[in-house]
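Presented below is the structure to which this report refers.
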Amino acid sequence: MKSLGIMGGTFDPIHYGHLVAAEGARHQFNLDKVIFVPSGRPPHKTENKISDPSQRLAMTNLAIASNNYFDISAIEVERPGLSYTIDTVLSFRSMYRSSKLYFITGGDAVLEILTWKDVGRLISLCTFIAATRPGYHLEHLEQAFLELPAAYRKNIHIMEVPALAISSTDIRERIRTGRPIKYLLPESVEQYVNKHNLYK
Ligand code: ATP
Ligand code: MG
């Protein structure tokens with residue numbers, strides 16, 4: 001494989017915002033594959049209660065089933081301790097020695113990159129693709145981006161994707177308050193959520 005995208009996230013639940021970002025990156029950066037990596041224990045979400053890793057893996061599997069370019073890895077779920085991106089990228093680096101690695105995030109996540117563990121090393125190991133996301137406008141993203149050290153900027157690309165104002169937080173809130181989630185996420189994932197009574 002020449003180039004490989006890694007799409008990290010909590011995916012609680014996975015929705016069309018994630019899928020559109022991953023597919024946009026695949027096409028724009030000519031990636032041979034995008035591997036979805038559900039987070040085991042996200043360091044920035046330790047306060048919140050998140051769904052069981054097996055359920056988030058199952059929903060991610062359902063969501064990617066119809067795209068031959070998409071795959072999934074349980075590497076973060078299986079690794080003990082908090083899930084740091086640097087550990088994941090190091091593992092992928094040793095598994096795919098000759099591939100160019102890309103890490104796909106939304107604009108909100110990339111703005112926090114300075115708080116990530118071993119950020120300097122991380123940016124030297126993979127190229128970041130930051131998808132635009134409603135609420136994090138392109139101008140805003142570009143402005144914040146300009147404040148990052150030049151050495152980091154070189155390896156971060158801003159990618160425009162169709163704006164989907166969808167978040168997992170909003171989907172969970174909709175379920176709690178009895179509002180529809182239909183058309184915000186794949187039907188198979190919606191059925192899984194209903195069947196397992198998630199987010200009630
Ligand atoms: P939560 O509200 O629980 O934080 P989320 O919708 O932000 O959920 P995450 O699992 O946190 O989903 O996101 C994984 C990655 O996908 C992050 O890099 C995030 O920025 C990106 N992402 C999420 N939703 C969108 C969207 N609608 N458009 C573009 N990128 C997105
Ligand atoms: Mg998020």
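The values are calculated or read from the model by the stated rules, or taken from the named source; none is laboratory data. All values derive from a computational prediction rather than experimental measurement. Glycine gets a Cβ as well: all are built from the backbone with ideal geometry, and neighbour counts include every protein chain shown. Protein only, heavy atoms only, side chains kept; ligands, DNA and RNA dropped before computing areas. Shrake-Rupley method; radii C 1.70, N 1.55, O 1.52, S 1.80 Å.
Put a dot 7 Å past each Cα toward the Cβ at N197 and A74; how far apart are the dots in nm?
2.5
A163 versus D32, label points 7 Å from Cα toward the beta carbon: distance in nm?
3.7
Go ahead and estimate [θ] at 222 nm for the chain from helices alone: -39,500 (n - 2.57) per DSSP H run with n ≥ 4, summed, over the residue count, rounded to 500.
Mean residue ellipticity, 222 nm, calculated: -11500 deg cm²/dmol.
Run the quick spin-label model on K2 and D118: label points 7 Å from Cα toward the beta carbon, then report their separation in nm to one decimal.
2.9
If the chain between N155 and A58 were fully stretched, how many nm would it gain, using 0.36 nm times the residue separation less the Cα-Cα distance?
Extending this stretch completely gives an extra 31.7 nm.
When the accessible area of the range 3-167 is computed with all protein chains present and a 1.4 Å probe, what percentage of it is carbon and sulfur? Don't skip to the answer; put the middle values down first.
Numbers: 3970 of 7800 Å².
Of all accessible area on the range 3-167, carbon and sulfur atoms account for 51 percent.
Show me the ranking of peptides 6-16, 85-95 by mean Cβ neighbours inside 10 Å, starting with the highest. Mind showing how you got there, number by number?
Values: 6-16: 24.3, 85-95: 17.0.
Final packing ranking: 6-16, 85-95.
Given an 8 Å cut-off on Cα distances and at least 6 residues of separation, report the relative contact order of the range 3-167 as a percent.
26
Quickly rank 105-116, 153-164 as a protection proxy: mean count of other C-beta atoms within 10 Å, highest first.
Numbers: 105-116: 17.8, 153-164: 15.1.
Result, highest mean first: 105-116, 153-164.
Picking from I6, I166, H137, whose Cα lies most toward the positive end of the charge dipole for the chain (charges on Cβ: Lys, Arg +1; Asp, Glu -1)?
I6
List, in order, the whole-Hz ³J(HN,Hα) value for each residue of the range 35-40 obtained from phi through the Karplus relation with A = 6.51, B = -1.76, C = 1.60 and θ = phi - 60°; use x for Gly and Pro.
9, 7, 10, x, 5, x
For the chain, with only Lys/Arg (+1) and Asp/Glu (-1) charged at the beta-carbon, what is the dipole magnitude about the Cα centre, in debye rounded to 20?
Numbers: 23 positive and 20 negative charges, 70 e Å.
In debye, rounded to 20, the chain gives about 340.
Suppose the Debye formula is applied to equal point scatterers at every Cα of the chain; what is log10 I(q)/I(0) at q = 0.10, 0.14 Å⁻¹?
Taken in order of the listed q values, log10 I(q)/I(0) reads -0.40, -0.80.
Positive end of the charge dipole of the chain (Lys, Arg +1 and Asp, Glu -1 on Cβ, about the Cα centre): tell me which of N67, Y96, H27 has its Cα farthest that way.
Of N67, Y96, H27, it is Y96.
Please report the antiparallel percentage of DSSP beta bridges with both residues in the chain, rounded to the nearest 5.
Around 5 percent of the beta bridges assigned by DSSP in the chain are antiparallel ones.
Determine the percent antiparallel among the DSSP beta bridges restricted to the range 84-200, to the nearest 5.
So the antiparallel bridges amount to about 10 percent of the total.
Which order do peptides 19-26, 69-76 fall in by mean Cβ count within 10 Å, highest first?
Peptide ranking by packing, descending: 19-26, 69-76.
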